[in-house]
Amino acid sequence: MVFKKKVVVVLWSFVKIKSPDFKSHTTGAMTLGRGCILNGSRKQKLNTRSSAEAKIVGADDMSQLIFWTKLFMEAQGYKIKHNVLYQDN
C-alpha cells in the first residue's frame, strides 16, 4: 500500500437500541481515506440506562481500533495527518 500524502484515519461508530438485557449493540467502520478497510459489530459489555450513555460506551469501544491503527501505521513509517472518530447522535 503506497500513500503519497499523509494518511487520514476515520472511524464511524453506530449504536443500536437496547435489547431486553440492557446491553446495546455497537457497529463501526474504519477507512484510510477510500473504502472500508475494517468493520465490526459486537454487543456491549456494559449495561446502560440511556441511549446517550450507550452511544458514549460504543464510541469508547470502537476508539481502541483507531488508536491501534494510528500506532501501527506510524510504526510502518506513515505519517498520520488526522485521527477522527465520528459518533452517531
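Only the coordinates and a few stated rules stand behind these numbers; no lab work does. Keep in mind it's a predicted model, so treat the numbers as computed, not measured. Positions of Cβ are generated from backbone atoms using ideal geometry, with glycine treated the same way; all protein chains shown enter the neighbour counts.
Quick rundown of the values:
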read-out: Listed residues Val8, Pro20, Phe67: farthest to the positive end of the dipole of the chain (Cβ charges); value: Val8
read-out: Computed [θ] at 222 nm, deg cm²/dmol, the chain (DSSP H ≥ 4; -39,500 (n - 2.57); rounded to nearest 500); value: -10000 deg cm²/dmol
read-out: Total charge dipole magnitude, the chain, about the Cα centre, Cβ charges on Lys, Arg, Asp, Glu only, Debye to nearest 20; value: 260 debye
read-out: For the stretch 9-69, the fraction of alpha-carbon pairs in successive 10 Å shells from zero, as %; value: 25, 50, 21, 4
read-out: Inter-probe distance in nm under a simple model that places probes 7 Å from Cα toward Cβ, at Ser19 and Phe67; value: 2.6 nm
read-out: Degrees between helix 51-75 axis and first principal axis of the chain (Cα, 0 to 90, nearest 10); value: 20 degrees
